[in-house]
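Asker: Below is one structure. I have some questions about it.
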Amino acid sequence: MRVKLSYVLAAGLAAGIGFWMYTGTVVIGGVGDGENAAPTPALRVSQATSAPFRVQVQELVAQDRRAVLEVRGRTEAEAKVAVRTVTTDTVVERPAREGSRVSAGDILCVLDRGTREASVLEAKAVLAQAKLDHDAATQLNSKGFTAENRVAAVLAQRDAARARLKEAELELQRTVIKSPIDGVIESPMAEVGAHLENGDICATVIDSDPMIAIGQVSELEISHVSEGMPATVKLVTGESLDGKVRYISPSANPDTKTFRIEIELPNADGRARDGVTALTMLSLPAEKAHLISPAILTLNDAGQVGIRGVDENNKTVFYPVKVLGGDQDGMWIGGLPDKVTAITVGQEYVSDGQIVEPVLQTAEVSK
């Protein structure tokens, strides 16, 4: 029976491979005796651990940083007084108008005097009579014609008459309501013909010079603020005013743990208005800090935020830092030595105290 040619070829190929394997060098998984043969996995690990891990580093030098503390709040007038009547009657005159500027002592409202003027005249007459009685009793007593108790009685009557006159004059004065401060009259005012009861408002006067910008500062930042510190206040209406810190609350708000501060702003032209949203900027004293890229921040095993650096012996060191703030060029941190060699690439792959091979970051890499 004829044997197929394909079977003969397959048998010959198998025999040739077997003979080559018997006489040649066998390579399994890339391992062999050749000069260029790949090392075993154990050998590769040994070679890797014997060479220091390469990290990229950058020299950081402390700079003077002048931070700005921003405090959001609102404006508040120096004084806002609701001028109330302390008597009862009808408004018969109103010399002032809403929006007008008044000085302390200017008349705001005049009430109907009624019988108050007559009461004053009557009290004056009673006092005059009491004075005559007292003078007569005094003269008689000096001549021995009247007793001492008579003199004391008419003296008491004179003093009572004087008190009634003072009360009547005061009641008459209450019909003229005056502004207690300099300022601008806020709308609304009492209209002519309106009947005011004791305690009703005739007008509200606002003193807006100086204007006060108030805000709340956290307990972590209040130590940086001091009385007399210069400040710039920007209002949401577009105005910008310069002033100074005039008040710092001695105690914190128990709910928010913040301290109230007040900034005094000269406002003679009335540009700043009461109750406007304000941003106060306080320039803090200069301090040494480092400007870094946020990407080099890392955590140690204890969860502290910091950076890893390299010491003079090429050992890695972890530096805890305090984040001070950021700007468009990077992040400001504190707590580092003035000069430090920081790891910028590879900090997550090394541990503290490990020997590394630092490679200085070039200008091209840092851009």
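Asker: Exactly one condition in (1) out of contact with any His (no Cβ under 8 Å at 6 or more places or on another chain); (2) assigned to a strand (DSSP E or B); (3) surrounded by 12 or more Cβ atoms within 10 Å (Cβ to Cβ) is false for residue 72; which is it?
Answerer: Of the numbered conditions (1) out of contact with any His (no Cβ under 8 Å at 6 or more places or on another chain); (2) assigned to a strand (DSSP E or B); (3) surrounded by 12 or more Cβ atoms within 10 Å (Cβ to Cβ), the odd one out for residue 72 is (3).
Asker: Just to be sure I understand, how many residues within the stretch 111-128 are over 30 Å from residue 83 (Cβ atoms) and surrounded by 14 or more Cβ atoms within 10 Å (Cβ to Cβ)?
Answerer: So the first thing to find is which residues in the stretch 111-128 are over 30 Å from residue 83 (Cβ atoms), and the list is 125-128.
Now drop any that are not surrounded by 14 or more Cβ atoms within 10 Å (Cβ to Cβ), which leaves 126-127.
The total comes to 2.
Asker: For residue 98, state whether it is surrounded by fewer than 16 Cβ atoms within 10 Å (Cβ to Cβ) and assigned to a loop (DSSP other than H, G, I, E, B).
Answerer: Details: surrounded by fewer than 16 Cβ atoms within 10 Å (Cβ to Cβ): yes; assigned to a loop (DSSP other than H, G, I, E, B): yes.
Considered against the rule, which asks whether it is surrounded by fewer than 16 Cβ atoms within 10 Å (Cβ to Cβ) and assigned to a loop (DSSP other than H, G, I, E, B), residue 98 comes out as yes.
Asker: Further, regarding this structure: Name the one entry in 172, 108 that is of a type outside the set (Val, Ile, Thr), open to solvent by less than 60 Å² (accessible area, probe 1.4 Å), under 29 Å from residue 212 (Cβ atoms) and modelled with pLDDT of 90 or more.
Answerer: Details: 172 fails: under 29 Å from residue 212 (Cβ atoms).
Exactly one of 172, 108 is of a type outside the set (Val, Ile, Thr), open to solvent by less than 60 Å² (accessible area, probe 1.4 Å), under 29 Å from residue 212 (Cβ atoms) and modelled with pLDDT of 90 or more, namely 108.
Asker: Test residue 316 against the stated conditions and say whether it is farther than 21 Å from residue 66 by Cβ and open to solvent by 10 Å² or more (accessible area, probe 1.4 Å). Steps first, please.
Answerer: Details: farther than 21 Å from residue 66 by Cβ: yes; open to solvent by 10 Å² or more (accessible area, probe 1.4 Å): no.
No: the conditions fail for residue 316.
Asker: Of everything in the stretch 313-347, what is under 16 Å from residue 58 (Cβ atoms), of a type outside the set (Gly, Ala, Ser) and not in a strand (DSSP E or B)? Give them in sequence order.
Answerer: 314, 321, 329, 336, 337, 338, 347
Asker: When only residues in the stretch 220-256 that are more than 15 Å from the chain's Cα centre (by Cα) and among the charged types (D, E, K, R) count, which is most open to solvent (accessible area, probe 1.4 Å)?
Answerer: 255
Asker: Within the stretch 257-306, which residues are hydrophobic (A, V, I, L, M, F, W, C), surrounded by fewer than 14 Cβ atoms within 10 Å (Cβ to Cβ) and in a loop (DSSP other than H, G, I, E, B)?
Answerer: 268, 286, 302
Okay, residues lined up against (1) in a strand (DSSP E or B); (2) in contact with a Phe, Trp or Tyr (Cβ under 9 Å, 6 or more places away or on another chain); (3) free of Cβ contacts under 8 Å to residues at least 60 places away in the same chain; (4) not polar (S, T, N, Q):
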| site | (1), (2), (3), (4) |
| --- | --- |
| 202 | yes, no, no, yes |
| 212 | yes, yes, no, yes |
| 216 | yes, yes, no, no |
| 223 | no, no, yes, no |
| 232 | yes, no, yes, no |
| 244 | yes, no, yes, yes |
| 250 | no, yes, yes, yes |
| 254 | no, no, yes, yes |
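Asker: Among the residues of the stretch 129-151 satisfying the criterion of being polar (S, T, N, Q) and either open to solvent by less than 50 Å² (accessible area, probe 1.4 Å) or closer than 29 Å to residue 166 by Cα (or both), which is nearest to the chain's Cα centre (by Cα)?
Answerer: Going residue by residue through the stretch 129-151, those that are polar (S, T, N, Q) are 129, 138-139, 141-142, 146, 149.
Keeping just the survivors that are either open to solvent by less than 50 Å² (accessible area, probe 1.4 Å) or closer than 29 Å to residue 166 by Cα (or both) gives 129, 138-139, 141, 146, 149.
Values: 129: 68, 138: 73, 139: 76, 141: 76, 146: 78, 149: 72 Å.
Looking at the filtered set, the residue picked out is 129.
Asker: For the stretch 284-300, state whether one or more residues are under 29 Å from residue 188 (Cα atoms) and of a type in the set (S, T, N, Q).
Answerer: Of the stretch 284-300, the ones under 29 Å from residue 188 (Cα atoms) are none.
No, that holds for no residue.
Asker: Can we say residue 334 is touching a His at 6+ places or on another chain (Cβ under 8 Å) and small (Gly, Ala, Ser)?
Answerer: Numbers: touching a His at 6+ places or on another chain (Cβ under 8 Å): yes; small (Gly, Ala, Ser): yes.
Criteria met by residue 334.
Asker: Looking at residue 166, is it open to solvent by 60 Å² or more (accessible area, probe 1.4 Å) and under 28 Å from residue 78 (Cα atoms)? Working first, answer last.
Answerer: Values: open to solvent by 60 Å² or more (accessible area, probe 1.4 Å): yes; under 28 Å from residue 78 (Cα atoms): no.
Here the answer is no, as residue 166 does not meet what is asked.
Asker: Name the single residue, out of those in the stretch 175-188 being within 16 Å of residue 89 (Cβ to Cβ) and open to solvent by less than 20 Å² (accessible area, probe 1.4 Å), that is farthest from the chain's Cα centre (by Cα).
Answerer: 175
The values are calculated or read from the model by the stated rules, or taken from the named source; none is laboratory data. Keep in mind that this is a model prediction, so the values were computed, not measured. Glycine gets a Cβ as well: all are built from the backbone with ideal geometry, and neighbour counts include every protein chain shown. SASA here: full protein model, heavy atoms, side chains in, ligands and nucleic acids out. Shrake-Rupley method; radii C 1.70, N 1.55, O 1.52, S 1.80 Å.
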